[in-house]
Amino acid sequence: MLKVLFLTGYLMTYTSGEGGADVVLSCSLVEEASGLDDMGDRAPFSRSPATLVLRDVSISPDQVPDTLTPFVPPTVPDPDLILIEATASSPAIPDVDLLLHADCNEQEVACEISRYHLPQGAAGGDEDHPAPAHFFIATLELEGGGLSTALVLRTLGLPAPPAAADPGPGDRTLGEGRLGLPLSRSGSLLTEVVFMVFSREKELTAPLGGDVLLNCGFRQQEALQEVGQEVSVEWWLQHQGHGKRVLDLKLTGSQEHSESVKRDGSSMDPALLVADGNASLTLRKLKVSDQGTYICTVNVGTFQAQQTIRLHVNQLPRVSLSEEKLVSQEFPHKLSCNCQNYYPLDCKMEWFSVSPDDVERTELSGEMSLSSHRQHGDGTVSLSSHLYLQRRSLPPGTGLICRVSHPALGSPISISLVVQPPASVRTEVYWMGLGFLLITVLFFYQLMR
């Protein structure tokens, strides 16, 4: 089967239809190329503009703007237009109402369409579809997450043209040169959604040692559901060019299931798979080696589709200074800021100073050095930044600040200390203060006598 990844984003419009909404998407039709690309090499694929209309999408009435109008196909067929209409009322597309708000939220929708090939003989006709059907797969992804789905579309038979002694051009079915399939009188290819695999999250982040749920599910047209049909789900992890199997689950006609777990702590719920089409994967006690791209592949009867989910694993750094206090007479001195047991590697460490008479920070980039990364057994790393201090530049009362930035942190964190005067100076200041206090007390005592 041909599997297509989401590659290009396009703008989208939407309209309202009877009993639901008609969602109109600007897409790319992806086909095997026969020519050469701009570099003179053989191009593996060609892309042509196409329009996909999801007909009668089921959404709640309060989610449909009053200003929307039904989609109206062209009255005069355009031979250069690739227009595919797909009935999408059953099975319902999860969270499809997000498409209606995409323009308002300034989100793009990536949409690609390609031919979908079933095993030989599986596309034969039936009572409702006398002619052998043709199949396409449409992949939709909403920018920023919330909706990602692969829809398998099956072509519909065309209604017979009205009887006429001499049918006009608008009464004949059309043959579209690119697709080579009969079109409706308006020039569109009529299809219906028969199978889908979807995910509500395309990318997520979880802490090292924690648990995570990777969302994946499927739905099938009710008319195609067979008693005792086999359902299988495969989860794979792809990272840095290497793939490994995580878990396989297969349900047979007797509702018995077989499970092959390759990663300890991974699981699926067979009951949810049967009842709701929920093929989500749970991973417990995450390790650094668990991050990567997860591929959820669902096979139901002759249909197969998949979703990919990117998982990031992180660990917050522990930040500390090598000294709790610093006395000015100890200069020159090396002060270290330690960033420990964090993941991933992206960590930025900066030093600043604040003089006693100023509130502005001064960066000390020229007076610092970094250690090499130290990797620990759990995959986390540590890094130290060393600041070399000179007496002349840092008088008592100067603040020293180490600031650490890391992807696991919502914002940079800072840790600081203040340069203290020498002990002799502190003692002198103490006695001077005590003497001043005694003189003040005696002065007021004499006034009150």
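Annotation: Phe352 carries an accessible surface of approximately 20 Å², with a 1.4 Å probe and no ligand, DNA or RNA atoms counted. The reciprocal of the average 1/r between distinct C-alpha atoms defines the Kirkwood hydrodynamic radius, which for the stretch 250-394 equals 20.3 Å.
Exceedance of the 30 Å cut-off in Cα-Cα distance is absent from the set Lys250/Lys285; Lys250/Lys287; Lys285/Lys348; Lys202/Lys250.
A straight line joining the Cα centroids of the stretch 314-353 and the stretch 185-236 runs 47 Å.
Peptides 106-112, 25-31, 240-246 ranked from most to least packed give 25-31, 106-112, 240-246, packing being the mean of other C-beta atoms within 10 angstrom over each peptide's residues.
Can you list residues from other chains, or at least 5 along the same chain, whose modelled amide H is less than 5 Å from the amide H of Leu247? Placed amide hydrogens put Trp235, Lys262 under 5 Å from Leu247. How large is the accessible surface of Phe45 in square angstrom, using a 1.4 angstrom probe and rounding to the nearest 10? We get 90 Å² for Phe45.
The values are calculated or read from the model by the stated rules, or taken from the named source; none is laboratory data. What you see is a predicted model; the values in this text were computed from it and never measured. Every residue, glycine as well, gets a Cβ built from its backbone with ideal geometry; the counts of neighbours run over all protein chains shown. Heavy atoms of the whole protein, side chains included, go into the accessibility calculation; ligands, DNA and RNA do not. Shrake-Rupley method; radii C 1.70, N 1.55, O 1.52, S 1.80 Å.
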